[in-house]
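What follows is a set of notes on a single structure, which appears directly below.
The values are calculated or read from the model by the stated rules, or taken from the named source; none is laboratory data. These numbers come from a predicted model, not from an experiment. So basically every Cβ, Gly included, is an ideal-geometry build from the backbone, and we count neighbours across all protein chains shown.
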Amino acid sequence: MTVTPPIRQTGDLMYPGHVGCPGCGAVIAMKFALQALGEKTMLVIPACCWAIIAGPHPQTALKIPVLHTAFATAGAAASGLRAALDRRGDVETVVTAWAGDGGTFDIGFQSLSGAVERNEDFLYVCYDNEAYMNTGVQRSSATPFGTRTTTTPGKGWKATRKKNIVEVLAAHRIPYAATASIAYPDDMMRKFRTARNLKGGSRFIHVYATCPTGWRVPSDMTIAVARLAVQTNIFPLYEVADGVRYTLNESGDRPVTDYLEAQGRFKHLGEADCSAIQAMVDEDWHLLMRKIDG
């Protein structure tokens with residue numbers, strides 16, 4: 001793995017106008033990411049909200065090349081695109097797969113795991129809105145415990161924990177993995193610049209992207225909810241180098257009820273349910289701290 005000189009941060013690489021919902025966290029995430037990555041970037045976008053947000057062909061809200069691909073194939077398509085650019089001698093352009101949680105945690109996981117096991121030279125970004133939002137708020141394995149969705153039987157809310165995708169990717173011993181949040185733009189853009197400047201291996205960034213529509217929050221609460229996720233340690237910000245070296249960037253000590261009570265998707269939860277979620281968050285936090293301190 002080699003490190004290239006820092007890439008100059010560019011201006012806005014999105015045109016004014018897209019078809020995202022008001023307050024869409026995924027749109028904010030794309031805006032910050034492209035500012036950090038720069039114009040020498042090619043996106044691979046599988047089926048997800050962003051396959052729609054960018055606009056119908058031949059229109060686009062993005063000022064960089066985009067390859068739309070099937071739901072399950074972002075990792076494979078990005079691998080092939082990287083190989084094609086290498087064949088042309090283009091080692092500057094960064095291939096970036098940009099997928100939702102469905103195309104990362106679930107349907108796209110096989111091709112992602114295969115690609116990073118080969119240590120393919122690309123950046124994979126999951127903008128996580130914690131459900132299949134584009135098709136009607138169906139649960140995914142990124143959906144947290146206690147969340148009400150349109151496809152949760154029984155109690156009507158998900159009774160299993162969210163998959164820890166960063167730990168899964170770190171277990172592949174890739175050069176770089178990190179969490180990022182739209183509520184912390186400086187931290188987020190620094191991580192995207194770090195991922196861009198690393199060459200010769202797979203990089204993964206898990207971005208927290210609020211969905212006002214699916215989470216039942218006002219559109220002007222997008223950033224506030226994202227900040228609460230970090231402040232309650234539901235989504236701490238950290239980095240993992242080579243799968244073993246952990247660095248904590250941002251966390252908090254607020255109770256999880258501050259986060260849960262701000263969203264309609266958790267309104268059905270009782271005190272015992274909230275206490276159970278707090279215990280899960282505390283457990284995950286202690287496990288993370290053992291890796292950071294170790």
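Quick one: T213 ticks every box in (1) in contact with a Gly (Cβ under 8 Å, 6 or more places away or on another chain); (2) part of a helix (DSSP H, G or I) bar one, so which box is it?
Here T213 clears every test but (1).
Working carefully through the options A78, A29, find the one that is free of Cβ contacts under 8 Å to residues at least 60 places away in the same chain, part of a helix (DSSP H, G or I), closer than 27 Å to S113 by Cβ and out of contact with any Gly (no Cβ under 7 Å at 6 or more places or on another chain). Give the derivation first.
On the way: A29 fails: free of Cβ contacts under 8 Å to residues at least 60 places away in the same chain.
Exactly one of A78, A29 is free of Cβ contacts under 8 Å to residues at least 60 places away in the same chain, part of a helix (DSSP H, G or I), closer than 27 Å to S113 by Cβ and out of contact with any Gly (no Cβ under 7 Å at 6 or more places or on another chain), namely A78.
Can you name the condition, by its number, that A279 falls short on among (1) at pLDDT 95 or above; (2) among the hydrophobic types (A, V, I, L, M, F, W, C); (3) more than 15 Å from L228 (Cα to Cα); (4) surrounded by 13 or more Cβ atoms within 10 Å (Cβ to Cβ)?
With respect to (1) at pLDDT 95 or above; (2) among the hydrophobic types (A, V, I, L, M, F, W, C); (3) more than 15 Å from L228 (Cα to Cα); (4) surrounded by 13 or more Cβ atoms within 10 Å (Cβ to Cβ), A279 is out only on (4).
Which residue pairs have Cβ atoms closer than 6 Å, lie 6 or more positions apart in sequence or on different chains, and pair a first residue in the range 181-210 that is within 16 Å of E92 (Cα to Cα) with a second residue that is of a type in the set (D, E, K, R)?
Hits for this filter: A195/R203; G200/D121; S202/E120.
Condition first: within 18 Å of the chain's Cα centre (by Cα) and in a loop (DSSP other than H, G, I, E, B). Now tell me which residues in the range 216-242 satisfy that.
Answer for the range 216-242, where residues must be within 18 Å of the chain's Cα centre (by Cα) and in a loop (DSSP other than H, G, I, E, B): N233, I234, F235, P236.
List, please: which pairs have Cβ atoms under 9 Å, are six or more places apart or on different chains, and start with a residue in the range 127-138 that is under 12 Å from G100 (Cα atoms) and end with one that is among the basic types (K, R)?
If the second residue must be among the basic types (K, R), the pairs left are E130/R139; E130/K162; E130/R265; A131/R139; A131/R265; Y132/R139.
If you go through the range 98-106 one residue at a time, do you hit one that is part of a strand (DSSP E or B) and touching a residue at least 12 places away in the same chain (Cβ under 8 Å)?
Start the filter on the range 98-106 by keeping residues that are part of a strand (DSSP E or B), which leaves 98-99.
Pick out the ones that are also touching a residue at least 12 places away in the same chain (Cβ under 8 Å) and you get 98-99.
Yes.
Restricting the search to the range 249-273, which residues are without any contact (Cβ under 8 Å) to a residue 60 or more places away in the chain, assigned to a helix (DSSP H, G or I) and in contact with a Leu (Cβ under 8 Å, 6 or more places away or on another chain)?
Within the range 249-273, D258, Y259 meet the criteria.
Hey, could you check the range 230-268 for residues that are surrounded by fewer than 21 Cβ atoms within 10 Å (Cβ to Cβ) and of a type in the set (A, V, I, L, M, F, W, C) and say which is farthest from R173 (Cα to Cα)?
Ranking the qualifying residues of the range 230-268, first place goes to A262.
Taking F145 as the residue in question, decide whether it is in contact (Cβ under 8 Å) with a residue 12 or more places away in the chain, assigned to a helix (DSSP H, G or I), touching a helix residue (DSSP H, G or I) at 6+ places or on another chain (Cβ under 8 Å) and not polar (S, T, N, Q). Reasoning before the result, please.
Details: in contact (Cβ under 8 Å) with a residue 12 or more places away in the chain: yes; assigned to a helix (DSSP H, G or I): no; touching a helix residue (DSSP H, G or I) at 6+ places or on another chain (Cβ under 8 Å): yes; not polar (S, T, N, Q): yes.
When the stated conditions are applied, F145 does not pass them.
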